[in-house]
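Visitor: Got a structure for you, written out below as structure tokens; questions coming shortly.
The values are calculated or read from the model by the stated rules, or taken from the named source; none is laboratory data. Everything numeric here is computed off the predicted structure, so don't read it as measured data. Note that each Cβ is placed from the backbone with ideal geometry, even for glycine, and that neighbours are counted across all protein chains shown. To get the accessible areas, we keep the full protein, side chains included, count just its heavy atoms, and leave off ligands, DNA and RNA. Shrake-Rupley method; radii C 1.70, N 1.55, O 1.52, S 1.80 Å.
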Amino acid sequence: MVAGKKILGEERRQWILDKLMTKLSPITGGELAKQTNVSRQVIVSDITLLKAKGEPIIATSQGYLFMPASNQDTMVERTVACKHLPHRSEEELFLLVDHGVTVKDVKIEHGVYGDLTASIMVSNRKEVEQFMKKIDETGASFLSELTDGVHLHTLMAQTEQTLDKAENALHEAGFLIQSDL
């Protein structure tokens, strides 16, 4: 980027894509806006256009990440059904990341909108702390508050055994919804 010069349209979107592809940690919209001399809203639109073209970009509470399918192919996934009050959210996320699990997202079934999914993408305590800080600073609600605490998480780990251990820990801590069947 040339200092002070605004990068326009397709050139900016290609620059954003290149930047995301080479960075392993999330980049905020604000950082991208500053580096390209445009507003954050322009970056949000650029990311939307890139996603529409099929680019594997996800938005997390820490910023944008490029997630090629090959990175996800080495991981196993499992969906778990949980229920708890908002004040236990940090405890739940810490428990999962402490077991070597990445919490990919949270999903709820809304009475009007149907399935709602939000990316979380936390893999360690620092990322959980950043996520919780952002919730606190923005005054945002947890999706699970719309469903009396009921929600799903997509979990990712290197092995099924890691997911088994994490799921057992969720059960022991009283987070899992138990089937009566």
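Visitor: Let me cross-check HIS87: its accessible surface, 1.4 Å probe, with only protein heavy atoms counted, in Å² to the nearest 10?
Guide: 140 Å²
Visitor: Right, next: For every helix of n ≥ 4 consecutive DSSP H residues, a contribution of -39,500 (n - 2.57) applies; sum these over the chain, divide by its total residues, and give [θ] at 222 nm rounded to the nearest 500 deg cm²/dmol.
Guide: Value at 222 nm, helices only, nearest 500: -13000 deg cm²/dmol.
Visitor: Another question, then. Could you tell me whether the stretch 123-166 comes out rounded, prolate or oblate from its Cα gyration tensor? Rule is a ≥ b ≥ c as square roots of the eigenvalues, rounded for a/c under 1.5, then prolate if a/b exceeds b/c, otherwise oblate.
Guide: oblate
Visitor: Follow-up question, since we're still on this one. From largest accessible area down, sort LEU24, LEU96, LEU146, LEU176; use a 1.4 Å probe on the protein chains.
Guide: LEU24, LEU146, LEU176, LEU96
Visitor: For ASN168 and LYS126 in one chain, what is 0.36 nm times their gap in residues minus the Cα-Cα distance, to one decimal in nm?
Guide: Difference between extended and current length: 12.8 nm.
Visitor: Mind telling me which of VAL128, VAL150, VAL101 comes out most flexible in a GNM of the chain, alpha-carbon contacts under 10 Å?
Guide: Judging by the Gaussian network model, the answer is VAL150.
Visitor: Under the 0.36 nm per residue contour assumption, what length would be gained going from the current alpha-carbon distance of LYS5 and VAL150 to full extension?
Guide: 47.4 nm
Visitor: I've got another one for you. Would you please name the chymotrypsin sites (Phe, Trp or Tyr not before Pro) within the stretch 72-143 that are DSSP coil residues with at most 13 other C-beta atoms within 10 Å of their C-beta?
Guide: Those that pass, being in a loop and sparsely packed, are TYR113.
Visitor: If the elastic network links every pair of Cα atoms under 10 Å, which of GLY100, GLY54, GLY149 fluctuates the most in the Gaussian network model of the chain?
Guide: GLY54
Visitor: So for the stretch 14-131, what percent of the C-alpha to C-alpha distances run longer than 26 Å?
Guide: So the portion of pairs separated by more than 26 Å is 28 percent.
Visitor: Working out 0.36 nm times the residue gap between GLN161 and GLN14, then minus their Cα-Cα distance, what length gain in nm do you get to one decimal?
Guide: Extra length available between GLN161 and GLN14 comes to 49.0 nm.
Visitor: With axes computed from alpha carbons, what is the tilt in degrees of helix 160-172 against the longest principal axis of the chain, rounded to the nearest 10 within 0 to 90?
Guide: Around 60 degrees separate the two axes.
Visitor: Could you look at the chain and say what percent of its accessible area is carbon and sulfur, using a 1.4 Å probe and all protein chains?
Guide: So the carbon and sulfur contribution to the accessible surface is 52 percent.
Visitor: Give the accessible surface of the stretch 1-117 per residue, rounded to a whole number of Å², with probe radius 1.4 Å and ligands, DNA and RNA excluded.
Guide: 56 Å²
Visitor: Test of understanding: in a Gaussian network model of the chain with alpha carbons linked when under 10 Å, which of SER123, SER61, SER39 would top the mean-square fluctuation ranking?
Guide: SER39
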